[in-house]
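Reviewing the structure listed below.
No lab work stands behind these numbers, since they all come straight from the coordinates. Keep in mind that this is a model prediction, so the values were computed, not measured. Here Cβ is always computed from backbone atoms with ideal geometry, including for glycine, and neighbour counts include all displayed protein chains.
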Amino acid sequence: DGGITQSPKYLFRKEGQNVTLSCEQNLNHDAMYWYRQDPGQGLRLIYYSQIVNDFQKGDIAEGYSVSREKKESFPLTVTSAQKNPTAFYLCASSTWSFQETQYFGPGTRLLVL
Amino acid sequence: SQQGEEDPQALSIQEGENATMNCSYKTSINNLQWYRQNSGRGLVHLILIRSNEREKHSGRLRVTLDTSKKSSSLLITASRAADTASYFCATIIQGAQKLVFGQGTRLTINP
């Protein structure tokens, strides 16, 4: 069953804590993306990666970090520097570039305690 | 401001009616995509239309693109309760390395 999985579904962060959101795909896609969605809003790009061991900042990268050690995995860390992390986080992938259809995971909702 | 802006922000119709949503954008694009999002879920791709295309169909969906007016529309015919969702347009700006999403149209189909 091919697709993108994200875990956990819900994540709670304490002040000053770093948390990591998981994103895995078995579609053999080269490109992967992280988006943030706030209530009633569209998606904003945090980071993207078009190849293993390489990634680029999106529009709102401050307070976030990523890694791309394996083609199928693109974890996102929300660091303590991100002062307003409460949001819905969506991971996506595409065959090789933004020009193509993106396939989304089910999302992780991050809440601050 | 957003590259793509949907109109209306919210739309409520009766089951069986047609639903039309519009998307306007500001700069030249390579392609425009429409996505659907059910509440609290990920996005699902509906249709991709390239800048040299004027219309595309997929089942009950019809998308048009008017590059002279920098606008696109999504028509859902014979709506069903399961069509209740938010619909987003997303554009690839020429020369940019990102897909830019609008704020979405929230569609409610009443039984």
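Relative to its residue count, chain B spans a Cα convex hull of 95 Å³ per residue. What percent do you get for the relative contact order of chain A when only Cα pairs under 8 Å and 6+ apart count? Answer for chain A is 35 percent. Take the residue pairs B:Lys70/B:Lys98; A:Lys9/A:Lys70; A:Lys71/B:Lys26; A:Lys57/A:Lys83; A:Lys71/B:Lys56 and return only those whose Cα atoms are more than 27 Å apart. From B:Lys70/B:Lys98; A:Lys9/A:Lys70; A:Lys71/B:Lys26; A:Lys57/A:Lys83; A:Lys71/B:Lys56, over 27 Å: A:Lys71/B:Lys26; A:Lys71/B:Lys56. Would you kindly state the longest site-free stretch of chain A, with sites defined as GluC sites (Glu not before Pro) in a DSSP loop (not H, G, I, E, B) surrounded by at most 12 other Cβ atoms within 10 Å? Longest stretch, sites excluded: A:16-61.
For the range A:1-61, trypsin sites (Lys or Arg not before Pro) are listed when DSSP marks them as loop and at most 10 other Cβ atoms sit within 10 Å of their Cβ; the list is A:Lys9, A:Lys14.
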